[in-house]
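Read-outs throughout are calculated quantities, based only on the coordinates presented, and are distinct from any laboratory measurement. Keep in mind that what you see is a predicted model, and the values were worked out from it rather than measured. Neighbour counts run over all protein chains shown; Cβ positions are idealised from the backbone, glycine included.
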Amino acid sequence: MILAEESAIAMPLDIRTIPCLDDNYAYLAHDPETGATALIDIPEAAPILKALKDLGWTLSDILITHHHYDHIDGLADVLRQHPARVIGAAADAHRLPALDVKVAEGDTVQVGSESGTVIDVSGHTVGHVAFYFAGSAAVFTADSLMALGCGRVFEGSKPQMHESLQKLAALPGETVVYSGHEYTAANAQFALTIDPDNAALISRVREVTEKRASHLPTVPSLLSEELATNPFLRAHDPAIQAHLGMTGANAVDVFTEIRTRKDNF
Ligand code: ZN
Ligand code: FE
């Protein structure tokens, strides 16, 4: 039997990591079927424009995760060369650059033939969103869930950050987590103080140390790997609870304790 063209399996987005500023990451997500290309966050224009030129891609969409300058500063310069559609959180429209499309939790974002879902991940800021592309097993989390860590809670509450991270934790384990910063080495040192006997964590820390020694990025990471090693996703874990003297406490309280310790680390 010959499959109709419509039922052919879609090709996943071709995703490229672009180091920006000192320790930020922007991402390009290119749909090979339609040529559509999305940029996720714009820390600075120059490395993004260079990558687009080298790849021969033209931006169709720019997805903004949150209002901090290190995620939006390059927008005007990028738009001058790539007049793309700008998408960001409706809740943050008052403090983001002009948006063409305002989105909220559950909305769909179309990049060529791939559709993404908006997830509200407030906590680091109120109005921070993540973009999940199920067909490509990719989630862009910026300063919510990070490799071995999570963003500092500036505007929301720690329970709110916990709830946001739990939404991400519920995605399929094979999802690749594209986060906003190269903070993994510092996160690793902290994680060891919370979960010192976790063999998966110990071996991941070794890997992270080797990669950073060779100046290689440790981002993106696999969600299953985060679930096994990231203390901010493991507040329910009996060994962590015991280590913190919080056996049987609820996960929100344990998360709050872990986040507070990281603030003071
Ligand atoms: Zn931020
Ligand atoms: Fe940031």
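Residue-wise HN-Hα couplings along the range 67-84, as the Karplus relation 6.51 cos²θ - 1.76 cosθ + 1.60 with θ = phi - 60° gives them from phi, are 7, 4, 4, 6, 10, 9, 4, x, 4, 4, 5, 5, 4, 4, 9, 9, x, 8 Hz; Gly and Pro carry x.
For the pair Ala134 and Ser113, how long in nm is the line joining their label points, each one 7 Å along Cα→Cβ? So the two model labels end up 1.8 nm from each other. Computed extension length for Asn250-Glu105: 49.6 nm, one decimal, from 0.36 nm per residue of separation with the Cα-Cα distance subtracted. From the Cα gyration tensor of the range 48-150, with a ≥ b ≥ c the square roots of its eigenvalues, which class applies: rounded if a/c is under 1.5, or else prolate if a/b is larger than b/c, or else oblate? It comes out rounded by the Cα gyration axes. Computed from label points 7 Å out along Cα-Cβ, the spacing between Ala242 and Asp23 is 3.3 nm. Can you bin the chain into rounded, prolate or oblate? Criterion: square roots of the alpha carbon gyration tensor eigenvalues sorted a ≥ b ≥ c, rounded for a/c under 1.5, prolate for a/b above b/c, oblate for the rest. Cα axes put the chain in the prolate bin. Couplings 3J(HN,Hα) for the range 137-154, derived from phi with the Karplus relation 6.51 cos²θ - 1.76 cosθ + 1.60 (θ = phi - 60°), are 6, 10, 10, 9, 10, 6, 9, 9, 7, 10, 4, 6, x, 8, x, 5, 8, 8 Hz, where x marks Gly and Pro.
Counting other Cβ atoms within 10 Å of each Cβ, which GluC sites (Glu not before Pro) in the range 82-175 have at most 11 and sit in a DSSP loop? Mind showing how you got there, number by number?
Details: sites: Glu105, Glu114, Glu155, Glu163, Glu174; in loops: Glu105, Glu155, Glu174.
Qualifying residues, ordered by number: Glu174.
Straight-distance candidates among the lysines for linking to Lys262, with alpha-carbon spacing under 20 Å and chain neighbours fewer than 8 residues away dropped: Lys158. Beta bridges per DSSP, both residues in the chain: antiparallel share near 70 percent. The mean sequence distance of close C-alpha pairs (under 8 Å, at least 6 residues apart), as a share of the length of the range 3-263, puts its relative contact order at 13 percent. Karplus-derived 3J(HN,Hα) values for the range 226-235, using 6.51 cos²θ - 1.76 cosθ + 1.60 with θ = phi - 60°, are 5, 4, 7, 9, 7, x, 6, 9, 10, 5 Hz; glycine and proline are entered as x.
Amide H contacts for Cys20 (H built 1.01 Å from N in the peptide plane; partners 5 or more residues away or on another chain; cut-off under 5 Å): Tyr25, Ala26. Amide H contacts of Met146: Gly151, each under 5 Å away and 5 or more positions distant or on a separate chain (H built 1.01 Å from N in the peptide plane; Pro and chain starts excluded). Remark: spin-label model distance Phe265-Arg85 equals 3.9 nm, labels positioned 7 Å along the Cα→Cβ axis. Taking amide H as placed 1.01 Å from N in the peptide plane, Val109 has its amide H under 5 Å from the amide H of Gly116, Thr117, Val118, each at least 5 places away in sequence or on another chain. Straight Cα distances below 13 angstrom link Lys211 to the aspartates and glutamates Glu182, with same-chain residues fewer than 8 positions distant left out. Legend: calculated FRET efficiency, Ala186 to Thr58, from the Cβ-Cβ distance at R0 = 51 Å, rounded to 0.05, equals 0.90.
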